[in-house]
1. At 222 nm, what helix-only mean residue ellipticity would the chain give, in deg cm²/dmol to the nearest 500, using -39500 (n - 2.57) for each DSSP H run of four or more?
2. Which whole-Hz ³J(HN,Hα) couplings does the range 81-91 yield from phi under the Karplus relation 6.51 cos²θ - 1.76 cosθ + 1.60, θ = phi - 60°, glycine and proline marked x?
3. Divide the volume of the convex hull of the Cα atoms of the range 262-360 by its number of residues and quote the answer in cubic angstrom per residue.
4. Please list, by residue number, every one of the trypsin sites (Lys or Arg not before Pro) in the range 29-119 that is coil in DSSP and has at most 13 other beta-carbon atoms within 10 Å.
5. Fully extended, how many nm does the chain gain between Ala203 and Ala362 (0.36 nm per residue separation, minus their Cα-Cα distance)?
6. If the viscosity is 1.306 mPa s and the temperature 10 °C, what Stokes-Einstein diffusion coefficient in µm²/s follows for the range 230-289 when Rh is the Kirkwood radius over Cα pairs?
7. Amide H neighbours of Tyr67 under 5 Å, counting only residues 5+ apart in sequence or on other chains, H built in-plane at 1.01 Å?
8. May I ask you to sort Thr243, Thr127 by Cβ crowding, counting other Cβ atoms within 10 Å and putting the fewest first?
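Taken together, the values in this text are just the output of simple stated rules run on the coordinates, not laboratory data. Here the structure is a predicted model, which means the values were calculated and not measured. All Cβ positions, even for glycine, are placed from backbone atoms using ideal geometry, and neighbour counts span all protein chains on display.
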Amino acid sequence: MTRLYNFGAGPAMLPTAVMERAQQEFLDYNGMGASVIEISHRSKEFDAIIDETDELLIELAKIPSNYKILYVHGGAQMQFSAVPMNLINRLAPRKAAYVESGNFAMLAGKEAARYGDVSIVASSAATNYDRIPGFDMADIDTDSSYLHITSNNTIYGTRWQQFPQSSDIPVVADMTSEFLSRQLDINSFGIIYAGLQKNLGPAGLALVIIREDLLEYAMPETPNLLQYKTYAQKHSLANTNNTFAIYMMNLVLNWLKDQGGVTAIEAQNNAKAAMLYDAIDASSFYLGTAQPEHRSTMNVTFNLANNAVLDDFLSQALAQGLYALKGHRNVGGVRASIYNAMPIQGCQALVDFMLEFERSQA
Ligand SMILES: Cc1ncc(COP(=O)(O)O)c(C=O)c1O
């Protein structure tokens, strides 16, 4: 069979080698005569999987020893609730600062407002989130329990190029659509979280990386399975976790290591994104929607100067095996999500198609 080049924003394509390995091992994991989805989360075989997953994350993301790695139920949006429940109580006024750089950032702030006093310290809503809004750390109330950012804005195709630095106010980052796509200094963050369904594995589970000292502030009424401390104390196995998602993430991380790790994938991601942005910038037929200095390497968004041919563009692309290129309804146009698993050949195929389509319309 031929696999499509899947440009969907998530659940997104996973490396073919990972899918093949999962398929090979599916009925009989490690010679056990049972599938990995049929064995106990407390078995020694699953223990080995979760331990190795931790080790791979520590190695690939360079996670310092004062951080805990948690596998938390409910995907990324569940963390929109879990973050305030675990952290807004850090300081008595229960205040948190949010940067609104997109739809998910806005939703995160809205959810947090249930639990305390949320201030939107910067927003790019007025320009339809075509950039990361500028702000000054000095303008944030010093009694804020944390600052929340969305490091890559999946819908709008923007990302933070540099992260806010603060020694007093923990920075919390939703990295769902970019974690492990570029090198970063974990020490700049109090909490990083990411739904698995872009760069890490299947949907429904979130990876949370939290500085140990921040585990102590959960509001007393926080449900046990939303308290990060519960996950930290029980190695994410207080109840039956999504063992299959953790296993799939393990395979993805092993694949990433085989590719040369984050340094190598970052270089590849930069090259892939540059191919597409160069094609957009070289033509007046295509119009990039994100401000160039804020562009994401994971989600490339653009419009066609003549929107009337957008449906033709999408259907002809699909006929050539270029799948799920339709932009999110908030932006329109085209969105090419090119996460770690998208091979450079997929980006080349898209660039070739863009040139051909433009010629056909001349
Ligand atoms: C940046 C970001 N945050 C949050 C979410 C929501 O993730 P979930 O559907 O796992 O709740 C997404 C989903 O695409 C996302 O891109």
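1. For the chain, the value works out to -10500 deg cm²/dmol.
2. The phi angles translate into 8, 5, 4, x, 4, 8, 10, 5, 7, 4, 10 Hz.
3. Details: hull volume 9.6 nm³, N = 99.
Expressed per residue, the convex hull around the Cα atoms of the range 262-360 is 97 Å³.
4. Arg42, Arg114
5. Extra length from Ala203 to Ala362 when fully extended: 53.1 nm.
6. Working: Rh = 15.0 Å.
In µm²/s, the coefficient is 106.
7. Glu212
8. The most exposed by this proxy come first: Thr127, Thr243.
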